[in-house]
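J.: Structure incoming, see below.
The values are calculated or read from the model by the stated rules, or taken from the named source; none is laboratory data. In this text the structure is predicted, and so the values were computed from the model without any measurement. No Cβ is skipped: glycine too gets one built from the backbone with ideal geometry, and neighbour counts run over all protein chains shown.
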Amino acid sequence: MAAKISLARLPLIAAVVILGVATICAAAVRFTERLPVNPWEAATAVEAMRFNAGLPLYESGHATHMYGPLSTVLLAGIFRVTGFNLLAARILSSILAFALAIFLATIFCRDKLRGYWLLGLLLFLGINFRTNLMFLSAQPDCLAILVAIGGLYFWATAKSYADVAISIPLFLGAVLLKQTTAAFALIPIVHILMWKRPLRAREIALSMLPLMSILLGLIAVRLFWPHVFSAIITIPASIKVYYTRSVGMLVYLLVTFPIFAIALIAAFSSPQPRRDSERWIYSGLAVLVPASIWMVCKSGGSYNSLLFAYLAMVALFVTQLDAIANWLASLSIQRSLAATSALALVILLSFFVQFGQTGSLLFTRCGDDKYNTAVAIARRLGGSVISPQDPTIAYRANGYFGRALYFELDAHPVDGNWPSRLPNAIEEEVEHADYVIEVRTHVPTAVLNHALVEAKFHPKSVAELEGSAYTLWAKARD
C-alpha cells in the first residue's frame, strides 16, 4: 500500500519540484538585477528619495505614483538604511511577498500534514507566474494584501473587541499602501449576507465597520491632505474601465486556471459540512474575483490585477487537498497514477500557461548594461540634462529630482487614457533642458519623441552609448 501511494505521488512531486525550482530561478534573476525592472519602479524610487530630502510629494503641478502614501514612506525607510539601492528595496518587498504566501499556507494548512503546508506554500508562490512576477517586485501590492488579510484574520477569528480594534487599523493601513485592498473590507459584509441566518441588523451593522473606517479615513485625507486624496483616489477614479472586456476576462480566468474547477468539484462532492475557513474563502471569492476583473479591465490594466482572485482561488484548492488525497487513495494503482498525472499537468498548466510572456518579462529591464555610462555622461553634461523615462539617471548624476514621464501620463488622462501630448509640467521641463537621455523600454512613449522634435532636440551620436537602450538628445543651438 505504501509503495502504491509513493508511486502515485511521483507526478505530483515532480510538478511541485518544477514549481519550486522555477520560483527559485526567478528569484535568483530578480535578486541580482540592479537596474530598475520597469519605469514605474525607477520613478517610485526617486519619489522616496524626494521624501527623504524633505521635498513635498503631493503638491500642485507634481505627479507622483498612484499607490498609497505609506508605500513611499516604506521605500524611503529602506533607502535611509541601504542608501539609494533599488535591489535592496526589491528584495525586502519580495521577502514580504513570500511572507504573504507563508501566512496563507499556515492559515489553511495548520490542521494538515507538513507536506501539505509545503505544497500550499508553493501553490501560493506559483501565483507569481500569473501576475507579472508581482512577488518579485518593489511594488507594494503583496505587502498591502498581507496587511489586509491580517486585518481580515483578526476580524474573522475575533474573540473580543480587542481583536476587532486590531483589525480596523490594519484594513486602513492596507488601503494606504494600495487602495484596491479596500475590497477586503467588503468580505465581512458579504460573509454575513451569505452565511448568517437569520440576518440581524446588529451583525450587519458591525460587519460594515471595516469599510466605514476606511471611508472615514479617506474623508480625513480629503479634508486635511487634498493633494494626497487627488493622487490616490481622484486620479485613479478617472481611468477608463472597459466593461465590455469583463466577460472575456472571466472566461480567461476560469479556463486558464483549471485547479479552481478541481477545487470546486472537490468542495461540492464532499459530504462534510462547510468549515468556517471555507465559508470565508467563498465570501472572499464573491468579492475578490469581480474586483480583480474590474481592475484588469481598466485602461492600462495587466495580469497583475488578477492577484486578488488568484489568491482566493488557490486558497480554496488548498483547503480541498485532504479530499483530493483521499479520493486518489481510494483508486487502484493504475487509476491513481493516471489521476495524479492529470492533476500534476493541471497544476503546471494553471501556473505556467503564460510562461513565454512571464519568461520574457523576467529579463526585461528599464535600460541595459550601459546604465552607468549613461549616468556618467549625464554627470559630465551637468545639471541641464533630464531623463524623464528613468529619473534615477539624472538623480544619480547630479542629484536632480526630475519629473517622471509615466507618472505624469498617469496623472493627466484624457478620456480615461494617456494623453497624446506631454502634460504641461513635463513639457516645461523639456523646454528648459539642454539634454535629454531617452530610454527605450517595453512600454513605448512616442509622445516624448514627438515633444523632443517639436522642442528642437535632435539625437546626438555618442560612441559609448552605441547599440544601447539610451539615446542622448541635444537641443539645437540657434
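J.: Of all residues in the range 366-380 being surrounded by fewer than 17 Cβ atoms within 10 Å (Cβ to Cβ) and not acidic (D, E), which is nearest to I127 (Cα to Cα)? Walk me through it before giving the result.
T.: Narrowing the range 366-380 to residues surrounded by fewer than 17 Cβ atoms within 10 Å (Cβ to Cβ): 368-369, 372-373, 376, 379-380.
Adding the requirement that they be not acidic (D, E) leaves 372-373, 376, 379-380.
Numbers: N372: 34, T373: 36, A376: 39, R379: 41, R380: 44 Å.
The extreme case among them is N372.
J.: Quick one: in the range 350-377, which of the residues that are in a helix (DSSP H, G or I) and hydroxyl-bearing (S, T, Y) is nearest to L87 (Cα to Cα)? Even if it seems obvious, please write down each step before you answer.
T.: First pass over the range 350-377, keeping only residues in a helix (DSSP H, G or I): 350-352, 355-362, 371-377.
Of the ones still in play, those that are also hydroxyl-bearing (S, T, Y) are 350, 358, 360, 371, 373.
Working: S350: 29, T358: 20, S360: 20, Y371: 15, T373: 19 Å.
Among residues in the range 350-377 that are in a helix (DSSP H, G or I) and hydroxyl-bearing (S, T, Y), the one nearest to L87 (Cα to Cα) is Y371.
J.: Checking P69 against (1) at pLDDT 95 or above; (2) over 19 Å from the mean Cα position of the chain (by Cα), which test does it fail?
T.: Here P69 meets the rest and fails (2).
J.: If you go through the range 430-478 one residue at a time, how many are assigned to a loop (DSSP other than H, G, I, E, B) and either of a type in the set (K, R) or at pLDDT below 90 (or both)?
T.: Within the range 430-478, the first condition is being assigned to a loop (DSSP other than H, G, I, E, B), and the residues that meet it are 433-434, 440-445, 455-456, 461-462, 466-469, 476-478.
Those left that are additionally either of a type in the set (K, R) or at pLDDT below 90 (or both): 440-445, 456, 476-478.
So the count comes out to 10.
J.: Consider the range 211-244. How many of its residues are closer than 19 Å to S283 by Cβ and touching a Ser or Thr at 6+ places or on another chain (Cβ under 7 Å)?
T.: 0
J.: Take the range 216-225 and flag every residue that is assigned to a helix (DSSP H, G or I) and either surrounded by 13 or more Cβ atoms within 10 Å (Cβ to Cβ) or touching a residue at least 24 places away in the same chain (Cβ under 8 Å) (or both).
T.: Start the filter on the range 216-225 by keeping residues that are assigned to a helix (DSSP H, G or I), which leaves 216-224.
Matches in the range 216-225: G217, L218, V221, R222.
J.: Suppose we filter S302, S341, S332 for residues that are closer than 30 Å to S60 by Cα and either touching a residue at least 40 places away in the same chain (Cβ under 8 Å) or not assigned by TED's automatic domain parsing to the domain that holds F457 (or both); which single one remains?
T.: On the way: S341 fails: closer than 30 Å to S60 by Cα; S332 fails: closer than 30 Å to S60 by Cα.
Residue meeting the stated conditions: S302.
J.: Here is a follow-up. Given the structure, is A182 outside any loop (DSSP other than H, G, I, E, B), closer than 30 Å to L361 by Cβ and out of contact with any His (no Cβ under 8 Å at 6 or more places or on another chain)?
T.: Numbers: outside any loop (DSSP other than H, G, I, E, B): yes; closer than 30 Å to L361 by Cβ: yes; out of contact with any His (no Cβ under 8 Å at 6 or more places or on another chain): yes.
Criteria met by A182.
J.: Which one of the conditions (1) in the same structural domain as I437 (by TED's automatic domain parsing); (2) surrounded by 18 or more Cβ atoms within 10 Å (Cβ to Cβ) does F351 fail to meet, given that it meets all the rest?
T.: (1)
J.: Looking at the range 438-456, I want the residues that are closer than 20 Å to G300 by Cβ and have a partner that is part of a helix (DSSP H, G or I) and aliphatic (A, V, I, L, M) with Cβ atoms under 7 Å, at least 6 apart or on another chain. Which pairs are those?
T.: Every condition considered, the pairs that remain are T445/L405; L448/L405.
J.: Which of (1) in contact (Cβ under 8 Å) with a residue 24 or more places away in the chain; (2) under 22 Å from the mean Cα position of the chain (by Cα); (3) in a helix (DSSP H, G or I) is the odd one out, the single condition I24 does not satisfy?
T.: All conditions pass for I24, except number (1).
Quick grid of which residues meet (1) touching a helix residue (DSSP H, G or I) at 6+ places or on another chain (Cβ under 8 Å); (2) hydroxyl-bearing (S, T, Y); (3) at pLDDT 95 or above:
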{"residue": "N128", "(1), (2), (3)": "yes, no, yes"}
{"residue": "F135", "(1), (2), (3)": "yes, no, yes"}
{"residue": "A148", "(1), (2), (3)": "yes, no, yes"}
{"residue": "F154", "(1), (2), (3)": "yes, no, yes"}
{"residue": "Y161", "(1), (2), (3)": "no, yes, no"}
{"residue": "A165", "(1), (2), (3)": "no, no, no"}
{"residue": "L176", "(1), (2), (3)": "yes, no, yes"}
{"residue": "I192", "(1), (2), (3)": "yes, no, yes"}
{"residue": "L215", "(1), (2), (3)": "no, no, yes"}
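J.: What helices (runs of 4 or more DSSP H) completely inside the range 33-140 contain at least 1 residues that are surrounded by 19 or more Cβ atoms within 10 Å (Cβ to Cβ), free of Cβ contacts under 8 Å to residues at least 24 places away in the same chain and in the same structural domain as G402 (by TED's automatic domain parsing)? Let's see the steps before the verdict.
T.: On the way: elements: 39-52, 69-82, 86-109, 114-126.
Filter on the range 33-140 gives an empty set.
J.: Additional query: Go through the range 378-408 and give me each residue that's more than 23 Å from the chain's Cα centre (by Cα) and either more than 16 Å from E429 (Cα to Cα) or not in a loop (DSSP other than H, G, I, E, B) (or both).
T.: Result: A378, R379, R380, L381, V385, I386, I393, A394, Y395, R396, A397, N398.
J.: Tell me the residue from I204, I187, I192, I259 that is among the hydrophobic types (A, V, I, L, M, F, W, C), in the same structural domain as F352 (by TED's automatic domain parsing) and under 21 Å from the mean Cα position of the chain (by Cα), please. Write out each step before concluding.
T.: On the way: I204 fails: under 21 Å from the mean Cα position of the chain (by Cα); I192 fails: under 21 Å from the mean Cα position of the chain (by Cα); I259 fails: under 21 Å from the mean Cα position of the chain (by Cα).
So the residue among I204, I187, I192, I259 that is among the hydrophobic types (A, V, I, L, M, F, W, C), in the same structural domain as F352 (by TED's automatic domain parsing) and under 21 Å from the mean Cα position of the chain (by Cα) is I187.
J.: Could you look through the range 413-429, keep only residues that are of a type in the set (A, V, I, L, M, F, W, C) and not in a helix (DSSP H, G or I), and pick out the one that is nearest to M295 (Cα to Cα)? Steps first, answer last, please.
T.: Filtering the range 413-429 down to residues of a type in the set (A, V, I, L, M, F, W, C) leaves 414, 418, 422, 425-426.
In the following step, the residues that additionally are not in a helix (DSSP H, G or I) were identified as 414, 418, 422.
Numbers: V414: 19, W418: 17, L422: 25 Å.
Ranking the qualifying residues of the range 413-429, first place goes to W418.
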